[in-house]
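Single-structure report; data block below.
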Amino acid sequence: MVPTIWALLACHGPDDPGPAGTQTTEAPQPGPLQVGVARVRMPVPVGIGTVGYNGLGVPAGETPFSEIFPGTVRVHDHPDFRAIAISRGPGFEVVLLRTDMVGVFQHLRRAVVLELEQRLGRNLDDALIVGATHTHSGPGRVIDMGGPFDIIADRFFPEHYERIVGAMADTVEQALADLAPGRLGIAQGYTDEGHDDRRCEDGQDHENGALPLVAVEREGELVGLAMAYAVHGTILGIDDLTLSEDTFGGIEQAVEDRLGKPVVVAGFNAWGADMSPSSPAVPMQPGAAQPDGYDRMEEVGVAVADAVEAALPSLQWTDEPEILSRTFRVPLGRDVIGYDSGVFPYDYGAVYCTADVEDCDPATVVDDLDKRCLPFPEDYAAPPQTVFTAGHLGDLRFVTFPGEPGTLLAEQVLADIGEEPMLFLGYAQDYTGYSILEDDWWQGGYEASGALWGPRQGAYLADRAVAAFGWAHGGAPEAQPDPVLPFEVGDYAPYVPTPGLDVGTVVTEVAADVGPQDEVVFVVQGEDPWLGTPLATLVDAGGAPVLRRSGTPVTSDGQAFWTELVPVPSYDEAPDAPARAFQWALHLPVDHAVVGAVPALAGTYRLSVALPRADGTTTTVESAPFTVTR
């Protein structure tokens, strides 16, 4: 057990007690444990570009919400935000906020912290941990750094960014409002079935399937489960033109179903830089055809859910955990990293350091790889600082890592910290590209090309992660950079949704009779996607929602459906049309190839579709009945 004195350090500020006799104010003390959860749909319009892949040259139609990147046309497993709050009062709390994004830039996180401070009247900078699932099918246009950053995230969209910040703050605020007495449980699972080592340059086939679990319950009922797993969450490609939770959506839904009750399951990424999603062998059956990748998400989900289910009986519960969380900022750059003269000679950072080396022999190095990079110009320099948060939740120690660490580097961090059990949260608090070991960097390859500060970035950040854990438990660095400012939104003309024609009109009715390998298709006219994606719910002949094994309704926000938008006229044909028919096509494959991914249907059903309206209300349209015959 970490001594109680370290927990008290979480509250230290200008009014903290000094040496004995110099202050009379007592240090704050932790109160009873309370836990809260929340889940908020991401306010993201179909048509926005995604982020992560280079969008140049990918053919797609024009939309009002994309510029460089192709606009999306489809949603599968709607992106959202999920929060789990664990609190013994201000200064003794952790809020885990999971986002369906490629990464978290510190400017975005800072905006959320300041928004929450304005709403709640207190600073959550130490407590708030924001982690990304690293779906490349999450929305772009939330990074205002210009230049090379536009190539990976499309141009900044101020109003969209403000909506994202607001929804993230809503999620945290709701989780804190949901606080009630409860217990904290921790366990350690393991599986290497959900990922594969994709990096050949290091000559290894090395995986680490650590799967730490953080559970919260109230009145003996599980309400939230956070986990960290190492997998590069990118099954879908940019040319799929799809908004999706992707790999972690499959994991979270499978775990929810395995739990058999409504639980907020939040999957955080660990060290996914070199860990591709696998194609595990799981029970399969004949199913309806789905777009590429959808079955694989569910396959990975089953493999990880197996490991979670196996670990749940080992949860160790407490209602009096010591809670400590502290956030630190450290500088970045050539000088602080410590490059010798002439090595990685880019004062403002560089990426895409590439070489024509295709073998997987670790003895093959590229001596001048650091001279083959795309430099950041002075006006669009790589970030000069980054962020770490460290502490503990009872016996569980944790540390965050900014960006995408490789497995070997993460294992070095864990070994140097030397504490168990340990929660390593990568892709969290900030984004600094890829980080791998220095010797590994000189072997080239995709992971090496994505380090913003070159061959020693990984080693430097690994050292800082270990230092941050030490600072959290016994002091602080002598000096820290000031927090960055949020991205400037400035003045902008708000987007005015195009009126939808004949909202509620059924364009294509469902087929009356379908079989297990068929697809139910229902097309209805709705509103501009800026107002939100329609929500379809599968209901039985009596009008009651059909439930998943988790006890939650089968809806088009999950993996049972996929939804596609066809604007008429198209944006290409009439960019400034005064009105459009927004045709939303709901696709429901009856059986999925992965056994148990969706409920087995037999009998008569309808689709009940809620269409968002411009005035904030919804219009509900029901399909004709359809019968599933087996």
Kindly indicate which of 351, 365 is of a type in the set (A, V, I, L, M), within 25 Å of residue 54 (Cβ to Cβ) and modelled with pLDDT under 95.
351
Restricting attention to the stretch 399-419, does a residue exist that is of a type in the set (Ser, Thr, Tyr), open to solvent by 10 Å² or more (accessible area, probe 1.4 Å) and touching a residue at least 12 places away in the same chain (Cβ under 8 Å)?
no
Taking the stretch 441-472 and keeping only residues that are at pLDDT 95 or above, in a helix (DSSP H, G or I) and open to solvent by 10 Å² or more (accessible area, probe 1.4 Å), one is left with 459, 460, 463, 464, 466, 467, 469, 470, 471
I'm trying to understand the selection: among the residues of the stretch 278-298, which are part of a helix (DSSP H, G or I) and over 19 Å from the mean Cα position of the chain (by Cα)?
295
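Given the residues 410, 390, which is the only one that is in a strand (DSSP E or B), under 21 Å from the mean Cα position of the chain (by Cα) and not acidic (Asp, Glu)? Give the derivation first.
On the way: 410 fails: in a strand (DSSP E or B).
Step by step, each of 410, 390 is checked, and only 390 is in a strand (DSSP E or B), under 21 Å from the mean Cα position of the chain (by Cα) and not acidic (Asp, Glu).
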Go through 574, 541, 610, 593 for me and flag whichever is on the phi < 0 side of the Ramachandran plot, surrounded by fewer than 18 Cβ atoms within 10 Å (Cβ to Cβ) and touching a residue at least 24 places away in the same chain (Cβ under 8 Å).
541
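Surrounded by fewer than 24 Cβ atoms within 10 Å (Cβ to Cβ), at pLDDT below 95 and at positive phi: does that describe residue 52? Full working, then the answer.
Numbers: surrounded by fewer than 24 Cβ atoms within 10 Å (Cβ to Cβ): yes; at pLDDT below 95: yes; at positive phi: yes.
Yes: the conditions hold for residue 52.
Of these, 32, 43, which one is modelled with pLDDT of 95 or more, open to solvent by 30 Å² or more (accessible area, probe 1.4 Å), part of a loop (DSSP other than H, G, I, E, B) and within 30 Å of residue 556 (Cβ to Cβ)? I'd like the intermediate steps shown before the answer.
Details: 32 fails: within 30 Å of residue 556 (Cβ to Cβ).
Being modelled with pLDDT of 95 or more, open to solvent by 30 Å² or more (accessible area, probe 1.4 Å), part of a loop (DSSP other than H, G, I, E, B) and within 30 Å of residue 556 (Cβ to Cβ) holds for just one of 32, 43, which is 43.
Residues in the stretch 519-561 that are in a strand (DSSP E or B), among the charged types (D, E, K, R) and touching an Asp or Glu at 6+ places or on another chain (Cβ under 6 Å): how many? Working first, answer last.
From the stretch 519-561, those in a strand (DSSP E or B) are 519-526, 535-540, 545, 547, 553, 555; that's our starting set.
So of that shortlist, the ones also among the charged types (D, E, K, R) come out as 519, 540.
The next check asks that each one be touching an Asp or Glu at 6+ places or on another chain (Cβ under 6 Å); those that pass are none.
Count: 0.
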Somewhere in the stretch 82-100, is a residue at pLDDT 95 or above, touching a Pro at 6+ places or on another chain (Cβ under 6 Å), assigned to a loop (DSSP other than H, G, I, E, B) and basic (Lys, Arg)?
yes
Please tell me if residue 388 is within 21 Å of residue 190 (Cα to Cα), open to solvent by less than 10 Å² (accessible area, probe 1.4 Å) and touching a residue at least 12 places away in the same chain (Cβ under 8 Å).
no
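The values are calculated or read from the model by the stated rules, or taken from the named source; none is laboratory data. What you see is a predicted model, and the numbers here were worked out from it, not measured in a lab. Here Cβ is always computed from backbone atoms with ideal geometry, including for glycine, and neighbour counts include all displayed protein chains. Accessible surface areas use protein heavy atoms only, side chains included; no ligands, DNA or RNA. Shrake-Rupley method; radii C 1.70, N 1.55, O 1.52, S 1.80 Å.
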